[in-house]
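Below is one structure, written out as structure tokens; comments come after it.
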Amino acid sequence: MTKKEHFNKVVLNLIHERGFKATTMRDIASAMKCDVSNLYNYISSKQAFLEDLLFDMNDQFHTRIDQIIQSSLTPDKQLEEVIRMYVEFSHHHPQEVGILLNEWRHLRGEKLKSFKEEKEKFEHKITIILKNGMESGYFKSLNLRLITHFMLSSLRMLFIHPEINKNTLQLQSEISEYILHGIST
């Protein structure tokens, strides 16, 4: 592990445990066993670390959902892939995803505005899959906004309760069954 990777891991742990606001540069320096001035070799600010982390995770989610939407899969299989994506991210990156869900509110100015727009774009992509499924008869005709938010809320609980992420294949299967059974025709 490089020094930068170690640094990122330490900061992730602190922010995940304490929250962004409660984590200070002094806390990070103490955990790294160095002076605060040495931290600036890794990041320009705690805010910059948060921005980089959030926008990197956001990019990963968007890249994957774009691949899913552009695939030749049927809408029900696309939705299964979205569920798989969420389960895999929550399993492999639980701290990052926890921060993504809980700490984005600490972004400032244009970064906050941009992040909110990206969240809306992502939700719209979920809506597109659901709408295509409804129009092609794979899903019941339901309130798109409601079912989009219901589905995303269900998937976000994976990050809030990481203890349920023990067997990812079983979890993917069960969540797909719960969600798809409820909206399939």
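The values are calculated or read from the model by the stated rules, or taken from the named source; none is laboratory data. If you're wondering where the values come from, they're calculated on a predicted model, not measured in any experiment. Cβ coordinates were reconstructed from backbone atoms using ideal geometry, including for glycine residues, and neighbour counts include every protein chain displayed.
Matching residues to (1) under 14 Å from the mean Cα position of the chain (by Cα); (2) surrounded by 11 or more Cβ atoms within 10 Å (Cβ to Cβ); (3) part of a loop (DSSP other than H, G, I, E, B); (4) among the hydroxyl-bearing types (Ser, Thr, Tyr):
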position: Ile99; (1), (2), (3), (4): yes, yes, no, no
position: Glu110; (1), (2), (3), (4): no, no, no, no
position: Glu117; (1), (2), (3), (4): no, no, no, no
position: Ile129; (1), (2), (3), (4): no, yes, no, no
message: Being in the same structural domain as Phe139 (by TED's automatic domain parsing) and farther than 30 Å from Tyr138 by Cβ narrows it down to one residue among Leu53, Leu39; which is it?
response: Leu53
message: Could you check the stretch 31-82 and list, in sequence order, the residues that are assigned to a loop (DSSP other than H, G, I, E, B) and small (Gly, Ala, Ser)?
response: Ser44, Ser45, Ser71, Ser72
query: Applying the selection to the stretch 124-142, what residues are at pLDDT 95 or above and charged (D, E, K, R)?
result: Lys125, Lys131, Glu135
- prompt: Residues of the stretch 36-59 being without any contact (Cβ under 8 Å) to a residue 40 or more places away in the chain and surrounded by fewer than 16 Cβ atoms within 10 Å (Cβ to Cβ), which ones?
  reply: Val36, Ser37, Asn38, Tyr40, Asn41, Ser44, Ser45, Ala48, Asp52, Asp56, Asp59
message: Considering only residues that are in a helix (DSSP H, G or I) and aliphatic (A, V, I, L, M), which ones fall in the stretch 10-29?
response: Val10, Val11, Leu12, Leu14, Ile15, Met25, Ile28, Ala29
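The rows are residues; the columns are (1) more than 19 Å from Ser176 (Cβ to Cβ); (2) hydroxyl-bearing (Ser, Thr, Tyr).
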site	(1), (2)
Tyr86	no, yes
Ser90	no, yes
Glu96	yes, no
Trp104	yes, no
Gly109	yes, no
Lys116	yes, no
Lys119	yes, no
Ile129	no, no
Met134	no, no
